[in-house]
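Peer 1: Before anything else, here's the structure in question.
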Amino acid sequence: MGKINLLGLEDLSAEEIINILDTAEQLKSLLKSSRKKAQHLQGKAVINLFYENSTRTRMSFELASKYLSANAANITASGSSVQKGETLIDTARTLNAMSADILIMRHSMSGAPHLIAPLVDAAVINAGDGMHEHPTQALLDMLTIRERKGDIKGLKVAIIGDIYHSRVVRSNIYGLTKLGAEVSVGGPATLMPKGIEKLGVKAFNTVQEAIVDADVVMGLRIQLERQKSGLFPSVREYHRFFGVDDNRLKYSKPDALVMHPGPVNRGVEFSSSVIDGPQSVIDEQVTNGVAVRMAVMYLLTMGSFLPKED
Ligand code: CP
């Protein structure tokens, strides 16, 4: 059995994505049980290697590993020998030499996990690489949409915000379009990548046009740490022109889901009334993050994202 990795949703088929979601749905029942312990990853070593900050992704991978009985460990760049000048490749090789079975990586450089994956025996999971992909985020988003709406095929999903810098949007575009959703993206022209339509989406420069009749309105964080100056005048003006408040939300369907990968900048991407309103499923996304990460790690150790043949 060769090793497989999860580097991005661009590489997965619709069948593989659906099998991950089905597996996550089954494993999710563990989160509601009083014991929260299963043996799917017993004896496996899982290492979280994070070069960027994280609350949701890192903690949910750690909890998911522990709920499935893996030996889980965390390392951050700020507390490691990276600070003494060790390269990414040498750090990854060092962790691999400790018999890691799964290496979960977040890095500011697009392509960092792709660089490491062929050099280590461990299965590599991309937990967010620069502006490229964040596959487990899109999988948990799709699980949340499927749970609430029954099927993803035929839904209109509007994704609003900083499209240019977002790895979440790229993974969602790959995943959602493979499962038959119609995806529109909206945001300032300065934060809209040229040629985004080639990925099979419609692009708009007003929120109203992007979210009209949407079944799902997903906001993206304004990534202040990746902004060059001058892409939008100020956070206040961004909210005035592109923030989703109760009035703008009315352009979407009355039962549209409000989603955000987090962390949210309150009063910037969404008003607090939208974040805390009845259409918001942001907390469900976080819960589903644990379920999806259990599923991905389990299927990686099985050697395939495809369903088992009977
Ligand atoms: N959505 C997401 O990746 O959140 P964290 O940065 O907190 O992991």
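The values are calculated or read from the model by the stated rules, or taken from the named source; none is laboratory data. Since the model is a prediction, treat every value here as computed from it, not as a measurement. Cβ coordinates were reconstructed from backbone atoms using ideal geometry, including for glycine residues, and neighbour counts include every protein chain displayed.
Peer 1: Among the residues of the range 155-164 satisfying the criterion of being out of contact with any Gly (no Cβ under 6 Å at 6 or more places or on another chain) and surrounded by fewer than 24 Cβ atoms within 10 Å (Cβ to Cβ), which is nearest to Leu27 (Cα to Cα)? Give the steps one after another, and end with the answer.
Peer 2: The initial filter retains those residues of the range 155-164 that are out of contact with any Gly (no Cβ under 6 Å at 6 or more places or on another chain), namely 155-159, 162, 164.
Right, trim to surrounded by fewer than 24 Cβ atoms within 10 Å (Cβ to Cβ) and you get 155-156, 164.
Working: Leu155: 25, Lys156: 28, Tyr164: 34 Å.
Ranking the qualifying residues of the range 155-164, first place goes to Leu155.
Peer 1: Which residue out of Ala210, Ala295 is farther than 30 Å from Ile47 by Cβ and either modelled with pLDDT of 95 or more or of a type outside the set (A, V, I, L, M, F, W, C) (or both)? Full working, then the answer.
Peer 2: Values: Ala295 fails: farther than 30 Å from Ile47 by Cβ.
Result of the check over Ala210, Ala295: Ala210.
Peer 1: Looking at the range 291-310, is at least one residue touching a residue at least 60 places away in the same chain (Cβ under 8 Å) and under 20 Å from Ala256 (Cβ atoms)?
Peer 2: The answer is no; no qualifying residue exists.
Peer 1: Continuing with this model, one more query. Quick one: Gly267 ticks every box in (1) crowded, with 23+ Cβ neighbours inside 10 Å; (2) away from the ligand (no atom under 16 Å from the Cβ); (3) not hydrophobic (A, V, I, L, M, F, W, C) except a single one, so which number is it?
Peer 2: Status for Gly267: all satisfied but (1).
Peer 1: If Leu103 satisfies every condition in (1) part of a helix (DSSP H, G or I); (2) out of contact with any Ser or Thr (no Cβ under 9 Å at 6 or more places or on another chain); (3) modelled with pLDDT of 95 or more but one, which is the exception?
Peer 2: (1)
Peer 1: Please give the strands (runs of 3 or more DSSP E) falling wholly within the range 139-207 in which 3 or more residues are modelled with pLDDT of 95 or more and not β-branched (Val, Ile, Thr).
Peer 2: 182-186, 202-204
Peer 1: When the range 252-286 is examined, which residues are found to be assigned to a loop (DSSP other than H, G, I, E, B) and within 18 Å of Gly187 (Cα to Cα)?
Peer 2: Answer for the range 252-286, where residues must be assigned to a loop (DSSP other than H, G, I, E, B) and within 18 Å of Gly187 (Cα to Cα): Ser252, His260, Pro261, Gly262, Val264, Asn265, Gly267, Val268, Glu269, Ser271.
Peer 1: May I ask you to list the residues in the range 164-206 that are within 16 Å of the ligand (Cβ to nearest atom) and within 20 Å of Pro263 (Cβ to Cβ)?
Peer 2: His165, Ser166, Arg167, Val168, Val169, Arg170, Ser171, Asn172
Peer 1: Filter the range 25-58 down to the residues that are more than 14 Å from the ligand (Cβ to nearest atom) and under 26 Å from Ile116 (Cβ atoms) and list them by number.
Peer 2: Listed by number, the residues that qualify are His40, Leu41, Gln42, Gly43, Lys44, Ala45, Val46, Ile47.
Peer 1: Which residues, counting only those in the range 245-274, are over 30 Å from Gln26 (Cβ atoms), out of contact with any Asp or Glu (no Cβ under 7 Å at 6 or more places or on another chain) and aliphatic (A, V, I, L, M)?
Peer 2: Hits for the range 245-274 are Leu249, Val268.
Peer 1: Right, something else. Give the range 59-71 a look and list any residue that's within 16 Å of the ligand (Cβ to nearest atom) and surrounded by 19 or more Cβ atoms within 10 Å (Cβ to Cβ), or say none.
Peer 2: Selection gives Ser60, Phe61, Glu62, Ala64, Ser65.
Peer 1: Report yes if Leu95 is away from the ligand (no atom under 16 Å from the Cβ) and either touching a Lys or Arg at 6+ places or on another chain (Cβ under 8 Å) or among the aromatic types (Phe, Trp, Tyr) (or both), otherwise no.
Peer 2: No.
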